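Here, each number is a calculation from the coordinates, and none is a lab measurement. Everything numeric here is computed off the predicted structure, so don't read it as measured data. Quick reminder, even Gly has a Cβ in these numbers, built from the backbone with ideal geometry, and neighbours come from all protein chains shown.
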Amino acid sequence: MKGELSRDKAVSIFERMVVMRRFEEMVVRLFEEKHFFSHYHLYIGQEATGAAVIEVLGPADLTLTTHRNHGHVVGRGADLGKALAEILGRSDGFCGGRGGTLHLTDRSSGFLSTSAVVGNCVGLATGAAYALKQAGKGNVSVAFFGDAALEEGVAFESMNMAALWSLPVLYLCENNSPGAGGWGSFTSSVIAAKKLTDIPESLGILSRQVDGTDAKAVYGAVVEAVARLREGHSPVFIEAITERWPGSVPLWPELIPGATDMTMAWDETKITGEHADWIRNHDPVLRFARDLIADTVLTQAKVLAIDKRVNDRMETARTFAIASPLPKPESAIEGVFA
Amino acid sequence: MTEMNYAEALVDGLYISMDSDPRVSLIGRHVLGLSPLRYLMERIRDAFADRILNPPVSEAGIASLGVGAAMAGARPFVDIATASFVFEAWPQVVNEAANAHHMSGGQFTVPVVFHMLHGLRGGGSAQHSHSPQAMLWNCPGLEIVLPSSPRDVKGLIRTAVKSDNPTVFIVHSKLFTLKGDVPEGDYEIPFGQADIKREGGDVTVVATSLVVQKALEAANALSQEGIEVEVVDPRTIVPLDKEAILRSVAKTGRLVVADECNLSCGVASEIAAIVAEYAFESLKAPILRVARPDVPVSFSAPLEDYITPTPEKITAAVRKVLG
Amino acid sequence: MPASCNQVVFFEKGLLVDSEHGNPDKGVINLTVMVEKKVKRKDRHPPVDKLLKMYREMLTIRAFEERAGELYASGAMPGLVHLYSGQEAVAVGVCAALNTDDYIASHHRGHGHCIAKGARVDLMFAELLGRLPGYCRGKGGSMHIADPLTGNLGTTGIVGGGIPIATGAALSSKLRRTTQVGVCFFGDGALNQGILFETMNLASIWKLPVILVCENNLYGEFTASDTVTAGKQYTSRGQAFSIPSKEVDGMDVLAVHQVADEAVRKARAGKGPTFFVCNTYRFKGHHAGDQKQSYKREQETEEWTRKDPIPRLSQWLLSKKLVDRSILSKIEEEVEALVQEGLEFAQNAPEPGPDELMKHVYAE
């Protein structure tokens, strides 16, 4: 059946999710060790969405992301060492240290420039879709953005044109603050719509809501959407709803529930404390591990083996990034023009 | 060479650009604004209908699409129409297009052209009369083109479309009917190469866009009195041909800078600062700027006339630097 | 009488919600009173003096625009002029539901809104001609007439630019706890400006007393609006942000007035914004110099001219025997005289001197 997840693809999605999770945990560690100082945003809690979307894409499809970009970039296969080096502002980073965490991007993995201005990637991805449509090879572009992007006018202007001109763009709205709206929590999405999908629907754009922590559900919705886009139909909007990771609630990210313990996927007794509900019910990595074990796609040992492999890659990446030299000060004024 | 007006030359350059490169798309249909000459665009609309998008009034959106399309392999020519409307698209032009190449460590180029009509147009009042080139000059990463003649507009539009950088192509609608000799066929005028529009040994006048033509008028009038003005047209302010300006000032020792931006932090101010910094020894008199006073543009004709840089104002400034 | 008018209950004079008292509850109380005072179905319409005022205002707008078009054609005025002819029912129908201290913000085709909100035609003509006694001392021109004394925050030359301004004024009313409302008029072209969506969202979240009035005259400049506006219904753009949204016959001043009146009452009572799409038509081109209008469908102007809101109201008034023809004729003569006098005043008014230039760049 179209949209059904094969065993291979399921394992691939799971491994992407583990890469995303362990990468972000490494970022926190590097920050706590004072290897970099800027504000940063983590993708923890949203891995099922990004990994499932990326699994559907082909190498020539384009992705655009936001300030919360690490998961998308490393999930799509970007070199982990270069990604960490960029976050540390080192010369071996993807952008030579000019972009940092906010603008992490990797052209060779199918990303365009990463804008940290809320809503701007919606327009950029729509423009990219126009270029892909002109090129006529059936490729699509995907805009990953948060719910707050729908508070920005440029998102509407762009979606309106995508609808008018049938551009092959998938709007992947990662709503990580459902039900928020209180002041001062730094997580509130302040949108008057009863459902976020009412907004694209008002422009005649086909829209779906999915559980963003359910990799299978996201995968199914995206397979269908991308197939439509490749056939030349109008843009599609998917709202993937996730429960905010408690570590993203403070102004600066913290590993509040602790680093991920994969054995919690099967050992219920280990889940305790204030954030037990999030870990038990909303952590997409543990949820998918649990599902895959139940479906006999993976065993506990396989899960731990994947995790170990990823952790080893992370250590190598960390060593590479820390060893990478800082850029030469005078290079600050280079590279303004092509 | 063939004689044609500025609007024809602009359309000709855009036509060749679209004809010679299928990646070039036009976002916007008018290009010539509300000018009576806008029928000239029919030629382009007929030939390239599949590469012309007629957008809604969504400046932020079309600028953003232009940047995204450019990064993904297209070469969009985005018509912002009246230059004041670039303020609606400001985040996309100054914070996306200008930054993407440098910020990504050179991973991306953004070959987009933003085309706009600047300046005092007669009754445009405060919201349709801006000359945003100096504000844009404050955004490193944008190339800024100010063509002042039919020959220049055609050659520069070719370079703009071929450039791998985001380019702001700023045109004065009052130039549309200006006639001049234009080479036939395809040619390019490189960016960063000033044009000495008139040679003279007494005073250098650096001017841009429409004001170049006014400076030439002033120079012709002064020539009757034996004062020979050299008119230097940088043609692009980013990149700027500093050498040509400094060479001319070294020869004349006197400088007037004239353009349509506001006086403070305007194009004239920056050029004056460069000359003061690098050619102070050559100067025999203080540099004078002829620009718009720092007020919003008024509607009423006598008020708009009062703030318009004119040949008379340039003439007066030239006399003053001559002492 | 248009069918839609049968549903409405109009306030009698004196019971109109009076924002000057600054009592936010007053609107609610009045509403209750009026529901009880429901008049008989056949008599439901605004009082005759109000109807005649609306007739007079529509005529004034039309006459003003005729002269403005002539002025443009004669080369006497600088810049462009965008004529409102054909759309009078929208400005007049909405503004008749407002008090003097309610706010409006308008757009480049704004003369009608200025007049409907109470602007003087002599001072408007003076502004069009760039003369010193003009509303903006000649600095604004046709596209930028503002008149704070009648609550007119200005006409803007930026498509969609007035939308957040009137909404900001509504926010001010809310913060100051008055019952003033804000109205923003905008064209179908502004339906695709991001600022509309941002403003709708804020107005809805904060329940601001603002009425968003889209005048769909079928064209944004020279472009048919349905070719640049995605989605089946324009009203769905407001509905997406949980704003009550309605299509209205914008050629019927009574229909417009009815829904506007209802929306204003709701806004004064703290029940938040309303969005209207008024279907109307501009009899002229995008601007007075746009004579050819080749983008319009054949016969289109003729079809819409048959819906002309001005004869529509006069015929209705006569058929209902609410007035004699002689009263209407008298109004027509008075309007002609007023507009003619206003024009002559402006033509003889002085131009501003250069000393005006540096004034009002900053507040003193």
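General observations
- The residue that is farthest from the chain's Cα centre (by Cα), counting only those in the stretch A:238-295 that are among the acidic types (Asp, Glu) and closer than 30 Å to A:Thr197 by Cβ, is A:Asp295.
- Count of the stretch B:89-113 residues which are on the phi < 0 side of the Ramachandran plot and out of contact with any helix residue (DSSP H, G or I) (no Cβ under 9 Å at 6 or more places or on another chain): 2
- Going through (1) assigned to a loop (DSSP other than H, G, I, E, B); (2) within 14 Å of chain C (Cβ to nearest Cβ) one by one, B:Asp305 falls short only on (1).
- Scanning the stretch C:182-228 for residues that are of a type outside the set (D, E, K, R), surrounded by fewer than 24 Cβ atoms within 10 Å (Cβ to Cβ), over 24 Å from C:Ala267 (Cα atoms) and within 13 Å of another protein chain (Cβ to nearest Cβ) gives C:Tyr219, C:Gly220, C:Phe222, C:Thr223, C:Ala224, C:Ser225, C:Thr227, C:Val228.
- Among the residues making up the stretch A:140-151, a single one is within 11 Å of chain C (Cβ to nearest Cβ) and either within 21 Å of B:Ala72 (Cβ to Cβ) or surrounded by 24 or more Cβ atoms within 10 Å (Cβ to Cβ) (or both): A:Leu150.
- Residues that are more than 25 Å from A:Arg98 (Cβ to Cβ) and either within 7 Å of another protein chain (Cβ to nearest Cβ) or out of contact with any strand residue (DSSP E or B) (no Cβ under 8 Å at 6 or more places or on another chain) (or both), drawn from the stretch B:66-102: B:Ser84, B:Phe87, B:Glu88
- Matching residues, the stretch B:103-115, being among the β-branched types (Val, Ile, Thr) and within 7 Å of another protein chain (Cβ to nearest Cβ): B:Thr109
- Residue satisfying all of: in the stretch C:317-364; over 17 Å from C:Leu129 (Cα atoms) and within 14 Å of another protein chain (Cβ to nearest Cβ); surrounded by the most Cβ atoms within 10 Å (Cβ to Cβ) among these: C:His360
- When residues in the stretch C:233-248 are screened for being crowded, with 19+ Cβ neighbours inside 10 Å and more than 14 Å from chain A (Cβ to nearest Cβ), 1 of them pass.
- Single residue of B:Ile245, B:Ile227 found to be in a loop (DSSP other than H, G, I, E, B), surrounded by 15 or more Cβ atoms within 10 Å (Cβ to Cβ) and either over 16 Å from the mean Cα position of the chain (by Cα) or free of Cβ contacts under 8 Å to residues at least 40 places away in the same chain (or both): B:Ile227
- Wholly within the stretch C:183-276, helices (runs of 4 or more DSSP H) carrying at least 3 residues that are in contact with a Phe, Trp or Tyr (Cβ under 7 Å, 6 or more places away or on another chain) and within 13 Å of C:Ile163 (Cβ to Cβ): C:194-205
- Residue in the stretch C:176-193 that is nearest to the chain's Cα centre (by Cα), counting only those that are closer than 15 Å to C:Asn99 by Cβ and hydrophobic (A, V, I, L, M, F, W, C): C:Val183
- Residue among C:Arg131, C:Arg137, C:Arg109 that is buried (at least 24 other Cβ atoms within 10 Å of the Cβ), more than 27 Å from B:Ser64 (Cβ to Cβ) and within 14 Å of chain B (Cβ to nearest Cβ): C:Arg109
- Condition check for B:Ser125: touching a residue at least 12 places away in the same chain (Cβ under 8 Å), touching a strand residue (DSSP E or B) at 6+ places or on another chain (Cβ under 6 Å) and of a type in the set (Ser, Thr, Tyr): no
- Tally of residues being assigned to a helix (DSSP H, G or I) and crowded, with 22+ Cβ neighbours inside 10 Å across the stretch A:118-139: 14
- From B:Leu34, B:Leu26, residue being without any contact (Cβ under 8 Å) to a residue 24 or more places away in the chain and on the phi < 0 side of the Ramachandran plot: B:Leu34
- Residues of the stretch A:1-42 that are in contact with a Leu (Cβ under 6 Å, 6 or more places away or on another chain) and not in a helix (DSSP H, G or I): A:His35, A:Phe36.
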